[in-house]
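The block underneath contains the structure these notes are about, expressed in structure tokens.
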Amino acid sequence: MASLAALSTMMVPPHTALEPKNPIDQTVQRYLDNPTEVSDLNPQVFANFSDRVKQTFQNLKTQGVITVDGGDETARPVLVALQGIIEYALTSELGASIKEVHGIIHTPMPPTPLCTEGDASTELVDQAVANDPSRLLTVQARALIIQEYLQKGGQLYAAYPEGGREKRNEEQQRIYQGNLTQHPTALHNHPIPEGFDETLTGATYRFEDKSGRIYLFSLEMTQANNPQETTQNRAWFGSTDQPEIIERYRQIVQGVCQKCSPVIVLDTTKN
């Protein structure tokens, strides 16, 4: 097993005329077209912005990396709903088209979905998010999706600056600790003594298909208790053969994983 630091020297193969198909493309599209199949994703609320989510996914598949400009009210429903659907697709395909998946949620405090039992108090999320059905949906749906991901054996690393856990209230800390206790082999607590650049706030999922090819989905966005009205939000999706994908992977490795205590170490089998 090699550390993620090996990525800094890993040779990236050149593009070929026929790129292998991402193992979760069809599953993500199926859930976008049939949102009732996704746990706790209210289809009536999702219908209000589902076309934007579908178009965003198409752009992301085609371009590999996209930027969504605008305020939190515009970007969060689209990107976080897509994140939840991708998380659900990863859960569904784990053990089928996907051999293994490792997620890293890199945020100022422990992950929001792991600090709630389904409710969304104003202490958990910003008041503006709590009052917006579209944004609130992403918080509520992902709380259940992440539980199913962990139960299926998906690995999840909670990476946050040291002291961030204490910024959650007592109830949220209790729920988070309960999740750590409930999923001892799947959920991993990784405080970062020196913290990390807040522009890296988001989540990253590294998944491997049956042939050993490695893929990445990564999102750059603030937590739900700290929405920003003027910001750029970005997403990455594709194989680590792609230069923009491996570059994002290196960013997370160097800016988050290597700073954790203990350091997050993953198998870096090259494509």
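The values are calculated or read from the model by the stated rules, or taken from the named source; none is laboratory data. Here the structure is a predicted model, which means the values were calculated and not measured. For neighbour counting, all protein chains shown are included, and Cβ atoms are generated from backbone atoms with ideal geometry for every residue, glycine included.
General observations
- Among the residues of the stretch 57-114, those that are among the hydroxyl-bearing types (Ser, Thr, Tyr) and without any contact (Cβ under 8 Å) to a residue 60 or more places away in the chain comprise 62, 74.
- Number of residues in the stretch 139-191 that are of a type in the set (Asp, Glu) and under 17 Å from the mean Cα position of the chain (by Cα): the value is 1.
- Pairs, first hydroxyl-bearing (Ser, Thr, Tyr) in the stretch 134-155, second assigned to a helix (DSSP H, G or I) and modelled with pLDDT of 95 or more, C-beta under 6 Å, six or more apart: 149/87; 149/91
- Scanning the stretch 60-77 for residues that are in a helix (DSSP H, G or I) and closer than 17 Å to residue 204 by Cα yields 60, 61, 76.
- Considering the stretch 23-45, and only residues there that are part of a helix (DSSP H, G or I) and modelled with pLDDT under 90, the residue that is surrounded by the most Cβ atoms within 10 Å (Cβ to Cβ) turns out to be 45.
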